[in-house]
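Structure record follows, encoded as structure tokens.
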Amino acid sequence: MSTTLFVVSLVIVTALFFDFTNGFHDSANAMATSVATGALKPKTAVLIAAILNVAGAFLSTEVAKTISGGIVNDAVVTPTMIFAGLVGAILWNLMTWLFGLPSSSSHALFGGLIGAVLIGAGLSGVNFSVVVSKILLPALMAPLVAGLAAGLATLILYKMIKKADQEPAAAWFRRGQTVSGSMIALAHGTSDGQKTMGVITLVLITAGYQESGTGPEMWVIAAAGLAIGLGTYSGGWRIMRTMGKGLVDVKAPQGFAAETTSAAAILASSHMGFGLSTTQVCSGSILGSGVGKKLAEVRWTTARKMFYGWLLTLPAAALVGGAAAAIALTGTLGLVLVFVALLAGAGVIYAVSRRAPVSSENVNDSAVVVINPANPDKTQVVV
Amino acid sequence: MNINWGALGLVAVTTLVAAIAVVGIFSLGVVALTSGAGRAGAVPHAVARVAGYACIAVSGMLVLYGLYLIIPQFH
């Protein structure tokens, strides 16, 4: 096997691994409130989300023209840098999952790429003004816009229906919530499924295995769709718990208002040329639905930790991506070392999560994601 | 620095209007369809029932419009 083919294979496997973490990180966006209110059984919710994610991935296969939308200079990016960026993004996704924190998978990927490009190509490889206009500003605006809209929608809803939390009204809101959650899952599949296809296709083109200007191969579409679908089905229950119970103890009318607002915000942002992160929109909507309901309890300590997580996403993924690039760019041995380190890191994070696992069985039993059950007071991350 | 403030404003206003409109219309439907509840064994008035289902139908049509926006093959 030639070295190029080996590098390309490694990048593809890593890209699919990233797609998987993207799926389980973001299944909470579409389904957390439906799971929390009992609108859908946990397993049913993730099955619907997974199917719609895969359907979305197959619907939208237009090749991405750039990997990063201009955040890094694509002309200087090599497959090894993409690989290092993916490693940074995967480890950050797993870390935030361990702590039960919703965070943007796209921002993690951009962060990882920025770190890798800084090491591989220097300062000129990164367009910092685009970082501000496409990442930092939207990160501030997404929760504000979604929170305000969901807050007003919730306020109006409870003004119109005094007994909205009780049957039979609540049953209607659970139905509505299932529909709006499904819309989010489908929209997510069309945008994020396509991202990994774009990465793999660009790597294949760069390495000369595919004609420039051609669309993704059928196997790439199928593999990327399957990876994100499997990730979504596996559920990411730790993040699901935080979004459904941890930020706000979501009731059916709030869940309906939040999911509808999120769907509206995601559609508006993807069609009006101002990209907003799905995760930040959905978290903002949930917070808004808590503020909008009279006396509803928003756990601001949890919200604050989530905001810190968002601020850290870019630099943390960049740090890991940069370190991975520094080692991987030394040659094939370095590349293999980084891949082994990735597997080891993922294994350790998974092992730690098993001390206090969150599953479809117990996702609604508590609002807290615990890291160390022997000493929960010290390690309790989500209060 | 090239920040598209116009697009940002448009996204914010659209989100606000769309969210309040859909939630408002659906809630109006729920108000109508649950208007008889509370009195024992009561069902909503026929007019309320028709109006209620009309509101739910309008929400359904907005969902179809959302699907149209999501699925690129329709464009």
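No lab work stands behind these numbers, since they all come straight from the coordinates. Bear in mind the structure is a predicted one, so any value in this text is a computation, not a measurement. Positions of Cβ are backbone-derived with ideal geometry, glycine not excepted, and every protein chain shown enters the neighbour counts.
Numbers at a glance
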{"read-out": "Magnitude of the charge dipole, the protein assembly as shown, Cβ model with Lys/Arg +1 and Asp/Glu -1, debye to 20", "value": "1360"}
{"read-out": "√(5λ) per eigenvalue of the Cα gyration tensor, chain B, largest first, Å", "value": "36, 16, 7"}
{"read-out": "On Cα atoms only, tilt of A:218-234 relative to the major axis of chain A in degrees", "value": "40"}
{"read-out": "Two-decimal ratio, the protein assembly as shown, of alpha-carbon radius of gyration to 2.2 N^0.38 Å", "value": "0.98"}
{"read-out": "Helix A:300-328 vs. chain A, principal-axis angle (Cα, 0 to 90°, nearest 10)", "value": "10"}
{"read-out": "Cα-projected label distance for residue A:3 with residue A:144, points at 7 Å along beta-carbon direction, nm", "value": "5.0"}
{"read-out": "Helix axis angle, A:252-271 relative to chain A longest principal axis, alpha carbon, degrees", "value": "40"}
{"read-out": "Tally of Lys pairs whose C-alpha atoms are under 17 Å apart, taken over the protein assembly as shown, 8 or more apart or cross-chain", "value": "19"}
{"read-out": "Charge dipole of the protein assembly as shown about the Cα centre (unit charges at C-beta), most positive-ward option of A:116, A:130, A:203", "value": "A:130"}
{"read-out": "Dipole of the protein assembly as shown [Lys/Arg +1, Asp/Glu -1 at C-beta], most positive-end residue of A:39, A:281, B:34", "value": "B:34"}
{"read-out": "Förster-model FRET efficiency, 22 Å R0, residue A:217 and residue B:73, C-beta, rounded to 0.05", "value": "0.65"}
{"read-out": "For region A:201-338, convex hull volume per residue from C-alpha positions, Å³", "value": "174"}
{"read-out": "Sites residue A:311 and residue B:46 - FRET efficiency at Förster radius 51 Å, r taken between beta-carbons, to 0.05", "value": "0.35"}
{"read-out": "Gained length - residue A:234 relative to residue A:128, 0.36 nm times residue gap less alpha-carbon distance", "value": "34.6 nm"}
